[in-house]
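The values are calculated or read from the model by the stated rules, or taken from the named source; none is laboratory data. Computed from a prediction, not measured in an experiment: that's the story for all the values here. Cβ placement follows ideal geometry from the backbone for every residue including glycine, while neighbour counts extend to all protein chains displayed. Areas reflect the complete protein model, heavy atoms only, side chains present, ligands, DNA and RNA absent. Shrake-Rupley method; radii C 1.70, N 1.55, O 1.52, S 1.80 Å.
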Amino acid sequence: MSLALLADLSQLLAEVFLEPDADLGADLRDALAQLQDAGDSPALLAPLARMAGAGLDPAAQPVEYARLFRHALATDTVHLFESAQARGHLMAPAVIGPLQAIYDEADIAVDEDLATPPDHLGLELACLSYLLGQVVEGDLADQAAFVELAQRLLQEHLQPFTAAIAEQLPQVAAHPYYLGAAELAVALVAEALKAVADL
């Protein structure tokens, strides 16, 4: 599995989880075609195919996003913040501190205008995309440092975080689009861990 493709998938998932009204149908189909051409990642292919085939109506997508991740009425809210998942409240220092250290070492600054805490799943996936992109296209002298940062982000943050979300979404009868996104995130983390371990 190519790191460049994993970086692209990570960025695509970042948009799924950050932008409730993002129209990603064409991007999903393109990513699906790339994965099919690569032919070496069935664990990624199945959930991506489910996402591409189960797209939500543009008017219904933000409503489902809000129901699942913001203001659940009849079910539990599935929190997209690692602090809430790991510690039960937002901005937990035990989560934010180590995560911010990764961002700082990678020289990544979360846009203050975004008004989203740095432990949002979408931001962590965007960070992963950046780190993997730096491993592929960055300065060779910095490659080992970016590999180490990617491993820390994957093992300490994204692996438990994506597993928790993937476990919770079926319990709240999530739409297949978001079920597929969560399954894809779990599979992506596993593939990325293998890929960086082989470097």
GNM flexibility winner over the chain from A92, A26, A185 (Cα, springs under 10 Å): A26
Among V186, L132, A101, the residue whose Cα sits farthest towards the positive end of the charge dipole of the chain (+1 at Cβ of Lys and Arg, -1 at Cβ of Asp and Glu, taken about the Cα centre) is V186
Per residue, how large is the accessible surface of the chain? Use a 1.4 angstrom probe and give square angstrom. 47 Å²
Rounded to a whole %, the carbon-and-sulfur portion of the accessible area of the chain at a 1.4 Å probe is 53 percent
Amide H of M91 versus every other amide H placed in the peptide plane: which residues, excluding those fewer than 5 positions away on the same chain, fall under 5 Å? S83, A84
Checking the a/c ratio against 1.5 first, then a/b against b/c, what shape does the Cα gyration tensor give for the chain? oblate
Positive end of the charge dipole of the stretch 66-178 (Lys, Arg +1 and Asp, Glu -1 on Cβ, about the Cα centre): tell me which of H175, L73, T162 has its Cα farthest that way. L73
Quick calc, the chain, dipole around Cα centre from Cβ unit charges on Lys, Arg (+) and Asp, Glu (-), nearest 20 debye, gives 780 debye
With +1 on each Lys and Arg Cβ and -1 on each Asp and Glu Cβ, how big is the dipole of the stretch 98-184 about its Cα centre, in debye rounded to the nearest 20? 420 debye
Putting +1 on Lys and Arg Cβ atoms and -1 on Asp and Glu Cβ atoms, find which of A38, L9, P62 reaches farthest to the positive end of the dipole of the stretch 1-77. P62
